[in-house]
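Report on one structure; see the data block that follows.
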């Protein structure tokens with residue numbers, strides 16, 4: 001995959017992050033989702049950022065971090081508008 005193709009790289013990073021979360025590697029998955037959000041801002045694709053932030057919020061809810069999940073979802077909503 002070309003280094004210059006940030007769109008494909010962001011999609012691949014998102015998929016890898018989800019796989020890590022499903023495999024119980026929560027910190028790796030979270031870091032990957034953070035990377036996806038940054039990449040999506042770089043390429044100007046808010047949809048990818050909203051999806052990644054929503055995934056982060058789901059993880060935070062499962063961890064019982066409800067206030068943080070709310071803030072994360074508010075961030076996703078802001079980006080999506």
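Read the figures in this text as sums done on the coordinates, not as results from a lab. Fair warning: this is a prediction, and the values are worked out from it, not measured in the lab. Cβ atoms come from the backbone with ideal geometry, glycine included; neighbour counts cover every protein chain shown.
In table form, for the structure just shown:
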read-out	value
Counted residues, the range 23-50 - those being in a loop (DSSP other than H, G, I, E, B) and in contact (Cβ under 8 Å) with a residue 12 or more places away in the chain	1
Selection count where residues are surrounded by 14 or more Cβ atoms within 10 Å (Cβ to Cβ) and in a helix (DSSP H, G or I), scope the range 59-70	5
Condition met for residue 53 (crowded, with 19+ Cβ neighbours inside 10 Å, touching a helix residue (DSSP H, G or I) at 6+ places or on another chain (Cβ under 6 Å) and in a helix (DSSP H, G or I))	yes
